[in-house]
Amino acid sequence: MANMRDYFVRWLSPGHWLLIGATLYALMALIVQLSGTARTWHGASPLEISSTLVASLGVAFAVFQTISKWNNHLVRRYWVIAGAGMLLIWAGEVAVDKIKHVDFRLIVLIWASAAVLLFRCIRPYLTESIIEKSMWVGAAAQITAHVAWTVKDGFLGGGVHLGLQMVIDSGELLSLLGYTLAMALARLSRLDDHAIRDDRLQRWTNAASKVSGQATRPRICFPYIAQVHQIFHSLPIAAALAQRYPDIEVHIAGSRHNLRLARRLLRDQAGSAPLHFDQLYHPWSVRIDYRDGAVGGKKKILRANRLYFSGFDAIVIPERTSTYLRKICPPSMKLIGTEHGAGDREVTFDPAIALFDFLLLGGEKQARRLIELGYTAPGRFVAGIYAKLDWTTRRNSTRPRMFGNGRPTVLYNPHFDESLSSWPLIGRQVLDHFARSTTYNLIFAPHIRLFDTPTPAKYEAFREYQKYPHMHIDLGSEHCADMTYTLAADIYLGDVSSQVVEFLTQPRPCLFLNPRQVAWQDDLHYRFWQLGTVLTDIDGLDTAIDNAVCSHRDFEQRQRDYLRDTLGLVEPGQSGARGAEAIVGYLQKVERSYQGISVKV
């Protein structure tokens, strides 16, 4: 019933009524012309008259939008461009009506130029997928009409060809309706209105306006523009924020694939949460370059959705590429970082972290280091938040069983960075070793980016291992990210991935591969290698694993101390609520400080 209700709500929206109305208008004009009952006006058919009328309305609408949006620097020039485009089409239509024997090539060129301008105008609004569809319907109709015109006048020498003329007239009308409808839908999207409302936080924190019922809801977005592993690190916070603070509007944004996973996780783990789901627009260059489904072109995606992101008071992101929004969005927008791991590698302490206004961190170790580097300061972060553990540990309350043979299970988890990972040098040797092993099971679950995206062709390279029942190969499913394997394994075998931290939520034996013979002992970025045995090769790997199991007691307390320093303040099941509370507290504090209200930090 809920799905049916959502379906009808979508179709009762003004945008869909406009779409229905435009379609009915085009059909009515076509039927009138086909019936032959309508009189021509100054030699123009009903379809031609309708095209001129729609073009005039399009010009008027674009001009009105230009005037009304003149103070909005984000969209002003786009509506000027729209006005120019519609004016070109209108001029072309008038020329055809008023001037005899107009060269069809000139009109086709005018329309083509106008279409380029109109696509340029609509580009900031393409986050709304129906707008893009309307534009492409218009473009397809325009191409069809002008191909027919080229055939009629270019190849058949002009003259009377009723069928081709019908295609030309109806195609141009449908094209104009598509373009005009796209402009109307862009206006109805309110993306530009959201982008210029910079007083939402002020009105929200103003107690007097709340009492009078005039408070405006702040808008917060959780975008997921990368691989699925990052969703787990902030989605529990988004759910808690929407459930606990109904006066805040919370949006989830991403690709169709990422939104599908987010919806399922929310349904399974959080139940009902009043969240909005927005599919981000992917430019055609990104769709073509990454047509295999791999993640890429992230800055292009951010730029293409600039107007959408500019309409939020805060963006909560689990990665650093999105700090690019700092350059292209209004300065009043706040960037809040959650990170997506808690390791020691150099990238964990990237200078880009300083671009965040506020951080949600796992433990004191990371906070201390970031303060030392000058990337954050007291009052600009809250520690004790690792949201991924809220749902993954609850779902896997008992350790998953991957094999039924009684053997201990090893998780081989190489990193994706070729300059650091063990995979390029000895990865295949590790798999071959375990294929021959009669002692251990193996889960091969590399970092999800190593084989992004895990296509059938990539799995084909591992077909030889499918015959071994004690080996499990997963090149990048969501189980590589949801802790299924880190909880199922008895022994960890890796290199520099921060997933070792999640493995150590239940301390167990660890081994680290160092085929590059890195001098790691005094390097802070390899601190976690002190939690197990470090191997420079895999000769005698079974013996090394046996020894790691036997000597685990020597490392166990060290592992517990490391985990306490890394995630020690994290309370199981509370990161989502704690993160939501921290975000709200930060936004209230910032806005009150702007208003000159003294706030204790």
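The values are calculated or read from the model by the stated rules, or taken from the named source; none is laboratory data. Remember, it's a predicted structure, so these values are computed and weren't measured experimentally. Please note: Cβ atoms are built from the backbone with ideal geometry, for glycine as well, and neighbour counts cover all protein chains shown. Heavy atoms of the whole protein, side chains included, go into the accessibility calculation; ligands, DNA and RNA do not. Shrake-Rupley method; radii C 1.70, N 1.55, O 1.52, S 1.80 Å.
Give me the percent of DSSP beta bridges within the chain that run antiparallel, rounded to the nearest 5. Working shown, then result.
Working: 1 of 39 bridges.
Once the DSSP bridges in the chain are tallied, antiparallel ones form about 5 percent.
Solvent exposure of the chain amounts to 46 Å² per residue of accessible area, where only protein heavy atoms count and the probe is 1.4 Å.
When the residues 69, 98, 458 are ordered by accessible surface, computed with a 1.4 Å probe over the protein chains alone, the sequence from largest down reads 98, 458, 69.
Here the Karplus relation 6.51 cos²θ - 1.76 cosθ + 1.60, evaluated at θ = phi - 60°, turns the backbone of the stretch 570-580 into coupling constants of 6, 8, x, x, 10, 5, x, 5, 5, x, 4 Hz, with x for every Gly and Pro. With θ taken as phi - 60° and the Karplus curve 6.51 cos²θ - 1.76 cosθ + 1.60 applied, the whole-hertz 3J(HN,Hα) list for the stretch 273-288 is 9, x, 9, 9, 10, 10, 7, 6, 7, 10, x, 4, 4, 6, 4, 6 Hz, x standing for glycine and proline.
When you filter the chymotrypsin sites (Phe, Trp or Tyr not before Pro) in the stretch 53-120 for DSSP loop state and at most 14 other Cβ atoms inside 10 Å of their Cβ, you are left with 70.
Treating each Cα of the stretch 409-567 as an identical point scatterer and ignoring solvent, apply the Debye formula and state log10 I(q)/I(0) at q = 0.12, 0.15, 0.16, 0.20 Å⁻¹. Taking Cα atoms of the stretch 409-567 as identical point scatterers yields -0.48, -0.77, -0.88, -1.44.
Under a 5 Å amide H cut-off, with hydrogens placed 1.01 Å from N, residue 161 pairs with nothing among residues at least 5 apart or on other chains.
Could you sort 428, 219 by their accessible area in this structure, using a 1.4 Å probe and putting the largest first?
Numbers: 428 80, 219 15 Å².
Listed by decreasing accessible area, they come as 428, 219.
Listed options for Rg and Dmax of the Cα atoms in Å are (1) 40.2, 140; (2) 30.2, 93; (3) 29.8, 97. The value calculated from this structure is the one marked (3). Note on residue 382: accessible area approximately 40 square angstrom, rounded to 10, probe 1.4 Å, nucleic acids and ligands left out. With a Förster radius of 22 Å applied to the C-beta separation of residue 109 and residue 147, the computed FRET efficiency comes to 0.95. Think of it as helices only: each DSSP H run of n ≥ 4 in the chain is worth -39500 (n - 2.57), and spread over all residues that comes to -15500 deg cm²/dmol at 222 nm. Taken about its Cα centre, the stretch 254-306 carries a charge dipole of roughly 140 debye when the Cβ of each Lys and Arg holds +1 and the Cβ of each Asp and Glu holds -1. Applying a DSSP loop filter and a limit of 16 other Cβ atoms within 10 Å to the chymotrypsin sites (Phe, Trp or Tyr not before Pro) in the stretch 251-328 leaves 290.
Close amide-amide hydrogen proximity is noted between residue 314 and 219, 221, 334, each under 5 Å apart and 5 or more residues distant or on a separate chain (H modeled in the peptide plane; Pro and chain starts excluded). Protein heavy-atom surface of the chain, 1.4 angstrom probe: 57% of the accessible area is carbon and sulfur, with nucleic acids and ligands not counted.
Rounded to the nearest 20, the size of the Cβ-charge dipole of the stretch 327-468 about its Cα centre is 560 debye, with Lys and Arg at +1 and Asp and Glu at -1. Paramagnetic label reach from residue 407 (point 7 Å along Cα→Cβ; backbone nitrogen cut-off under 14 Å): within the stretch 450-493, residues 465-473, 490-491. Loop-located trypsin sites (Lys or Arg not before Pro) in the stretch 253-328 (DSSP state other than H, G, I, E, B) with a sparse environment of at most 12 neighbouring Cβ atoms within 10 Å: 291. Near the amide H of residue 535, within less than 5 Å, lie the amide hydrogens of 512, 513, 514, all on another chain or at least 5 residues away, with H placed in the peptide plane.
Farthest toward the positive end of the dipole of the chain, out of 576, 471, 118, is the Cα of 118, where the dipole comes from beta carbon charges about the Cα centre. Rounded to the nearest 20 debye, the dipole size of the stretch 409-567 about its Cα centre is 180 debye, using +1 on the Cβ of Lys and Arg and -1 on the Cβ of Asp and Glu.
Under the 0.36 nm per residue contour assumption, what length would be gained going from the current alpha-carbon distance of residue 516 and residue 460 to full extension? Walk me through the numbers on the way to the answer.
Numbers: separation 56, 0.36 × 56 = 20.16 nm, distance 2.81 nm.
Extra length from residue 516 to residue 460 when fully extended: 17.4 nm.
What the phi angles of the stretch 308-324 give under the Karplus curve with 6.51, -1.76 and 1.60, with θ = phi - 60°, is a coupling list of 4, 5, 5, x, 10, 7, 8, 10, 9, 10, x, 9, 10, 4, 6, 5, 4 Hz, glycine and proline written as x.
Whenever you get a sec, line up 136, 204, 423 from highest to lowest accessible area (probe 1.4 Å, protein heavy atoms).
Working: 136 115, 204 5, 423 40 Å².
From most accessible down to least: 136, 423, 204.
Strictly over 19 Å apart at the Cα level, which of 334/589; 298/458; 298/327; 300/327 would you flag in this model? Result: 298/458 exceed 19 Å. Label zone of residue 549 (point 7 Å out along Cα→Cβ, amide N under 15 Å): in the stretch 471-511 this covers 489-493, 508-511.
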